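Just below is one structure, and these are the notes that go with it.
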């Protein structure tokens, strides 16, 4: 999303978006008075395109496109510093999480590599029932086209006997796969209604 | 002395009774809850329109008979509200009220009255928002219960002696 | 009874959502109503004249006004009908504004509800009786609770007016929080220079009786005639003898007594006069730290005292005072920042509160007015101020603005530059609230003339790095995270209600809000009165306030007392309980339940006992009425018949 | 003997095997029986709850359901990330919108269980007093830095353990081993979490400052209770050194390893040899050295 000097607040205001964020996160975003405590607490502010305080402000203004296209929501590590210190008791981390899920749904994920890592992780869980660390990293790095990342760690880990070469398998893997399928099939939103739009294959696992 | 029992001429048409005609009487102490209701009004906190307020000096003034009579004669719900415990303008009036209303609550079923039609609560003069919440919740509760048939339609007896009146 | 009904439009306040003409026309169908109309502004002078005209023209014996809350205009309309020759209790109000038009937009439902409320009022009015007040003498003595600047102002104003004043102060000195301040905004006056003379006046006025180190034990009575028990706490020093020479303080060996006046920066002695200008200048022994009082061998002060004033055996005593009015001026406390884990929860010595910084700045403070760090005594170069610590923070239960912090931070930052020209001050704020006269200009001066850096953002965390404190936060205007390595951090802790405010409110029978601040009678029009007649408020006990506002309210409360005391007698409220002797069965229950002892036995001829209400003592709560088994006691103007008549209208 | 369901979590099966080993050793020493959850599966971690709340709840919830079926009323996991997922499952179970599909997927409700971290278990069920009594090889003279990580006590309403800003439970446990524990200001600062894989420089920056502060305070080792923190601080310490041009060499043992060491257990049994940065410095017996140093001085 390009930063422009003039934001046409009225035209770009999406009130449904505000309501959806509030429903998905269970938080009242109008309580935010922009004190900046979350931004000051956030360990990732240096990397965000919009600091978290501004993400909250953009949500208040219903600026759906900017928010869902921002890198901030995908760089949030869910460390809870913002939530812990919010003077208005807003669970800010939960708002960020809701926004991540919404950006997946609307196919506007700004950092596909992070999503890809999460997807790879979930695929590993879906296949084996557990995460196979030794398998996950190389596969991800291959797919991310940076095969030599963390290559430096390998010899030492090998020496320490920390690399396993076979995934530990959950016996009832079928059950795990079923959980994935069911969640994918009839996604229940908070009100129990089926979700309006299915995930596109690009953004799904 | 004038007879204040319900007007015998009032139509006892059950089918006409809709939730539109729900009437709730609220006994509010002058110092706290009446002020709280005023505050809610000043702040324009919207509320259901079923409540009719009777101003009393203190919840300590509440004779449980007022509540029983109201419900027996067909008011759909009774809400009593006063100052928070320890914040009574008359020091202890609401303590008396609390004991009496607890006792009354235990007796209402014996009179054939659903205890859900009666509620007492404490709302201070500054708690406009709390008052809005109380009124809204209680009105919704009475709407769910529907109109109160009272005693008159069950027994057909309109001549219950009015004990407190002389 | 011939009843007239007046339905007020209140401009569009009521008429906007209630069909007032319809309500009036419906009122004409109610029993005994002979006249009904609606009017634009019934409370206006022509509106009141209209009522008076109708009373004469239609021979009305009772009047109902359907308008705003009776808590607002009942006295207005009572006066109006009284002028037209009716007894003022032959009047009822139906509240169709706060309880109808302002809380719903459904005009049909509102109109029906308004008509119901008018019908209830008419039904009640039909049982109304003329009531008559009697007169009662007023005891023209004032009690002021709290000796801060608001209480001092109120006491001096009344004493200047020739009234006797009793002042009760919990601490051993008067002056309150202001006595601890170094300078005051927005003019940088020296606090003790402007407060000191007033404190001296209090001690020198012959018609002011000061009880310091004393608290209110109990209060009984009512406007014009209160009886107050005051607990004089044991000071272990005979104040009649003590000259305040301070010899005892110098020799006291208990050197690790916390210096409360200096906000625990440094230490005091167990026997102490907190500051040189203290009024009364008398020593007090802190029983928790005195060696002698804790079973150790000492008694040094008793030996050194030239006037033999020390009395280790002293006990609390109770004195009784009779007064006609009370001003509560109990002030405030400061928020305890130990709940802020992210700011160190009080475990970092160089993270201090604003009031501690006042003591540091003060020439009579623990460091003699030289700014230095509590941890190592070094002069700080970079000082960070944090606004809103315990203010505007719902997560710590303090969602309100304390109103003074923006200003006192600006003042402290300016003073810091004066003391240490090489220093840099940084202020983290959310909004600057400077609405007073010359206030915003003052904050601008801090920035423009004194170079104080203002950073808009709440501080996220304070932690030590080496011997400095890192203040980590955000500049929301830039949208970046910022940190300042500070030598000293000052937390502008907010205002909260005074400890024990709730207990005192119960004794005074006044209300307080959820934060413990005392409730005024009306937020706009009766800001110094309470709902208990004869009890007035001054200063921060009613809500956060700065010095000018506290002084103004002190004077305002004093003027209320003076207008009360301008009369030798006051009219009693006739809405009191009355016993119908014929029905009284002499069970005595009413006597037991009366909270005011207003009911007593009366012996008739032949030794027959009956209950009797003392109308000047009765406060009109009606507990007796609800208790009386044969309903012989009836609360005038709220009798069983009157209240049931109202309910009865809804049963139809 | 206290019987507690044990949710190991994927990390403890791989890169954090020593955390698993030492957890077993210490729990056994204090008479806590760990009942491994049969056929447990991955909790889904951050990827699952960034995908769908129900997926995260069901994956984690299945393990709780099994634990409940195994007759346990308390579930302990050493991994704070897993703990967050487990607690999330319990929250979903109480959520009116999610409860029904949740129960359909995992077969039962799980909100009655108590879910705790290893640290909470050691602090509340064993406690510093009992640990102090059981210490055989006190760590006297060693300066240890307690690092809790971001999730162990936060958010406070959910974690319901210790203080969210200044937790002290690990401080107390470490003090019980005889070690010196300075006031560490970065106890709950984020270490860079999963960004070791996708944004290596984040870990360099965030874990770097944690290591720097540790060194600044004279810490010999930084003690952790989270496998992810441990990986970032230990396994990636060379990467961090490269990133910020430093030469730090700070061992990063787990709390269970440190307690085990103080109890006199064999370092090998605790998997100390698995740590990337050698923890040898912790094996120095300074209690004696200090005693000797004091001895002659006192005699003279």
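The values are calculated or read from the model by the stated rules, or taken from the named source; none is laboratory data. These numbers come from a predicted model, not from an experiment. Cβ coordinates were reconstructed from backbone atoms using ideal geometry, including for glycine residues, and neighbour counts include every protein chain displayed.
This table checks each residue for (1) within 12 Å of another protein chain (Cβ to nearest Cβ); (2) assigned to a loop (DSSP other than H, G, I, E, B).
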position: D:93; (1), (2): no, no
position: D:96; (1), (2): yes, yes
position: D:109; (1), (2): no, yes
position: D:119; (1), (2): no, no
position: D:123; (1), (2): no, no
position: D:127; (1), (2): no, no
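Anything in the stretch C:433-452 that is outside any loop (DSSP other than H, G, I, E, B) and more than 19 Å from residue C:386 (Cα to Cα)? List them, or say none.
Answer for the stretch C:433-452, where residues must be outside any loop (DSSP other than H, G, I, E, B) and more than 19 Å from residue C:386 (Cα to Cα): C:441, C:448.
Per this entry, residue B:108 is counted among residues that are surrounded by fewer than 21 Cβ atoms within 10 Å (Cβ to Cβ) and touching a helix residue (DSSP H, G or I) at 6+ places or on another chain (Cβ under 6 Å).
In the stretch C:459-485, the qualifying residues are those that are touching a residue at least 40 places away in the same chain (Cβ under 8 Å) and away from chain D (no Cβ under 14 Å), and the one that is surrounded by the fewest Cβ atoms within 10 Å (Cβ to Cβ) is C:484. Restricting attention to the stretch C:26-56, the residues being under 18 Å from residue C:77 (Cα atoms) and exposed (fewer than 13 other Cβ atoms within 10 Å of the Cβ) number 5. Go over the candidates C:346, C:331 one by one and state the one that is touching a residue at least 60 places away in the same chain (Cβ under 8 Å), in contact with a helix residue (DSSP H, G or I) (Cβ under 7 Å, 6 or more places away or on another chain) and at positive phi. The unique qualifying residue is C:331.
Of all residues in the stretch D:20-55, how many are part of a helix (DSSP H, G or I) and under 19 Å from residue A:132 (Cβ atoms)? The total comes to 6.
Note on the stretch C:275-341: enclosed strands (runs of 3 or more DSSP E) holding 1 or more residues that are farther than 26 Å from residue C:203 by Cα are C:332-334. Scanning the stretch A:164-205 for residues that are modelled with pLDDT of 85 or more, at the interface with another protein chain (Cβ under 8 Å from one of its Cβ atoms) and within 22 Å of the chain's Cα centre (by Cα) yields a count of 5.
Quick one: which strands (runs of 3 or more DSSP E) sit completely within the stretch C:131-215 and have at least 2 residues that are farther than 22 Å from residue C:560 by Cα, without any contact (Cβ under 8 Å) to a residue 60 or more places away in the chain and touching a strand residue (DSSP E or B) at 6+ places or on another chain (Cβ under 6 Å)?
Result: empty, no element qualifies.
Would a scan of the stretch A:172-192 turn up a residue that is more than 29 Å from residue D:93 (Cα to Cα) and in a helix (DSSP H, G or I)? Taking every residue of the stretch A:172-192 in turn, none turns out to be more than 29 Å from residue D:93 (Cα to Cα) and in a helix (DSSP H, G or I).
Inside the stretch D:71-91, can you point out the residues that are in contact with a strand residue (DSSP E or B) (Cβ under 6 Å, 6 or more places away or on another chain) and more than 14 Å from chain A (Cβ to nearest Cβ)? D:72, D:74, D:75, D:76, D:86 - these are the residues of the stretch D:71-91 that are in contact with a strand residue (DSSP E or B) (Cβ under 6 Å, 6 or more places away or on another chain) and more than 14 Å from chain A (Cβ to nearest Cβ). The set of residues in the stretch C:431-458 that are surrounded by 21 or more Cβ atoms within 10 Å (Cβ to Cβ) and touching a residue at least 40 places away in the same chain (Cβ under 8 Å) comprises C:452, C:458.
Within the stretch B:37-88, the set of residues being within 28 Å of residue C:13 (Cα to Cα), assigned to a loop (DSSP other than H, G, I, E, B) and facing chain C (nearest Cβ under 7 Å) comprises B:44, B:45, B:46, B:47, B:49, B:57. For residue C:3, the conditions (1) surrounded by fewer than 23 Cβ atoms within 10 Å (Cβ to Cβ); (2) in contact (Cβ under 8 Å) with a residue 60 or more places away in the chain all hold with the exception of (1). The number of residues in the stretch A:83-131 that are over 30 Å from residue A:19 (Cβ atoms), part of a loop (DSSP other than H, G, I, E, B) and more than 8 Å from every other protein chain (Cβ to nearest Cβ) comes to 0. Residue C:638 fulfils the conditions (1) in a helix (DSSP H, G or I); (2) in contact with a helix residue (DSSP H, G or I) (Cβ under 8 Å, 6 or more places away or on another chain); (3) at the interface with chain B (Cβ under 7 Å from one of its Cβ atoms) except for a single criterion, (1). Output the number of residues of the stretch C:38-56 satisfying the condition of being without any contact (Cβ under 8 Å) to a residue 12 or more places away in the chain and either outside the structural domain of residue C:115 (by TED's automatic domain parsing) or part of a helix (DSSP H, G or I) (or both). Final tally of qualifying residues: 4. One residue alone among C:158, C:190 is closer than 30 Å to residue C:319 by Cβ and more than 14 Å from chain B (Cβ to nearest Cβ), and that residue is C:158. Looking at residue C:455, is it in a strand (DSSP E or B) and within 14 Å of residue C:389 (Cβ to Cβ)? So residue C:455 does not fit the description; no.
Conditions tested, residue by residue: (1) touching a strand residue (DSSP E or B) at 6+ places or on another chain (Cβ under 6 Å); (2) in the same structural domain as residue C:215 (by TED's automatic domain parsing); (3) crowded, with 19+ Cβ neighbours inside 10 Å; (4) in a strand (DSSP E or B).
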| residue | (1), (2), (3), (4) |
| --- | --- |
| C:514 | no, yes, no, no |
| C:531 | no, yes, yes, no |
| C:536 | yes, yes, yes, yes |
| C:551 | no, yes, yes, no |
| C:587 | no, no, no, no |
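Restricting attention to the stretch D:28-39 and to residues that are touching a residue at least 24 places away in the same chain (Cβ under 8 Å) and touching a strand residue (DSSP E or B) at 6+ places or on another chain (Cβ under 9 Å), the residue that is farthest from residue D:73 (Cα to Cα) turns out to be D:30. Each residue in the stretch C:14-25 was checked for being touching a helix residue (DSSP H, G or I) at 6+ places or on another chain (Cβ under 6 Å) and surrounded by fewer than 24 Cβ atoms within 10 Å (Cβ to Cβ), and 3 pass.
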